[in-house]
Amino acid sequence: MARQQTSTDSGHRHDGPHDGPDNTPRLRLKRKAPANGHVDGAWWPHSEDLPVELPDLLSVLSIRLGGVARVTYNLNEWTEAPRKMLVNERFVKLDGYQRQPANTIGVLDNLGNQLLLLVVPSRTDADLAHAITMAAAAPDNTSTVDSLLSTGS
C-alpha cells in the first residue's frame, strides 16, 4: 500500500496511507444538519500527543469539511505541538490556547466553518468513552461538555 507522509514544521514526520487513516479515529459526529447543542460530536484519541493523533482525525473530518485550515486546542491537555503541520498535502495551522474550553478541539475549514468536538480523555474506560461519544453525537443532544463527560458516572 502506498504511504503518504505528513510532517510538522519542525521536521517531524508521520506516515499514513493514501486511502485512509492508519488508526481509524474513535469519532462520532452529529448528522450534517442545522447545528444544535454545545458540540458537533466527540473524539476519543489514543494518546495526548496531538501531532500523532491529528493526521488520522483530519483525514476523516476532511470528508465533511473539505480542506481543514486550522485546529484550536487547549494547551494544558496535549503534549507540545508545532504551530503547523502538513496533513494530506496541506498545511494546517495549530493554535493552542489556555482559554480553549476544556476537553474540546475546534476544527475549521477554509471557509471558516467550524466543528467543535468534545475530546474524551485518552485514558477513559472503553465502555464509558463509547457512552460519551454516542451521547455527544445524538442529533437532539444539547448537553454541555461537563455534562457529557459525566455520562455514566
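Okay, residues lined up against (1) over 12 Å from the mean Cα position of the chain (by Cα); (2) within 24 Å of residue 136 (Cα to Cα); (3) among the basic types (Lys, Arg):
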site: 50; (1), (2), (3): no, yes, no
site: 58; (1), (2), (3): no, yes, no
site: 65; (1), (2), (3): yes, yes, no
site: 71; (1), (2), (3): no, yes, no
site: 80; (1), (2), (3): yes, no, no
site: 89; (1), (2), (3): yes, no, no
site: 95; (1), (2), (3): yes, yes, no
site: 99; (1), (2), (3): yes, yes, yes
site: 110; (1), (2), (3): yes, no, no
(request) Filter the range 86-101 down to residues that are modelled with pLDDT of 95 or more and aliphatic (A, V, I, L, M) and give me whichever is farthest from residue 124 (Cα to Cα). (result) 92
(request) Only one of these is free of Cβ contacts under 8 Å to residues at least 60 places away in the same chain and buried (at least 17 other Cβ atoms within 10 Å of the Cβ): 112, 96. Name it. (result) 96
(request) Hey, can you tell me all the residues within the range 64-93 that are of a type in the set (A, V, I, L, M), assigned to a strand (DSSP E or B) and either without any contact (Cβ under 8 Å) to a residue 40 or more places away in the chain or touching a helix residue (DSSP H, G or I) at 6+ places or on another chain (Cβ under 7 Å) (or both)? (result) 68, 71, 85, 87, 92
(request) Please specify each residue of the range 23-45 satisfying the condition of being assigned to a loop (DSSP other than H, G, I, E, B) and at pLDDT 80 or above. (result) 25, 26, 30, 31, 37, 38, 39, 40, 44, 45
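Would you be able to tell me the number of residues in the range 122-139 that are within 19 Å of residue 77 (Cα to Cα), in contact (Cβ under 8 Å) with a residue 60 or more places away in the chain and in a loop (DSSP other than H, G, I, E, B)?
Step one: list which residues in the range 122-139 are within 19 Å of residue 77 (Cα to Cα), which gives 122-125, 129, 132-133.
Those left that are additionally in contact (Cβ under 8 Å) with a residue 60 or more places away in the chain: 122, 124, 129, 132-133.
If we keep only those that are in a loop (DSSP other than H, G, I, E, B) too, we end up with 122, 124.
Qualifying residue count, the range 122-139: 2.
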(request) Can you work out which of the residues in the range 112-143 that are among the β-branched types (Val, Ile, Thr) and within 16 Å of residue 31 (Cα to Cα) is farthest from the chain's Cα centre (by Cα)? (result) 142
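The values are calculated or read from the model by the stated rules, or taken from the named source; none is laboratory data. Not measured: the values here are computed from a predicted model. So basically every Cβ, Gly included, is an ideal-geometry build from the backbone, and we count neighbours across all protein chains shown.
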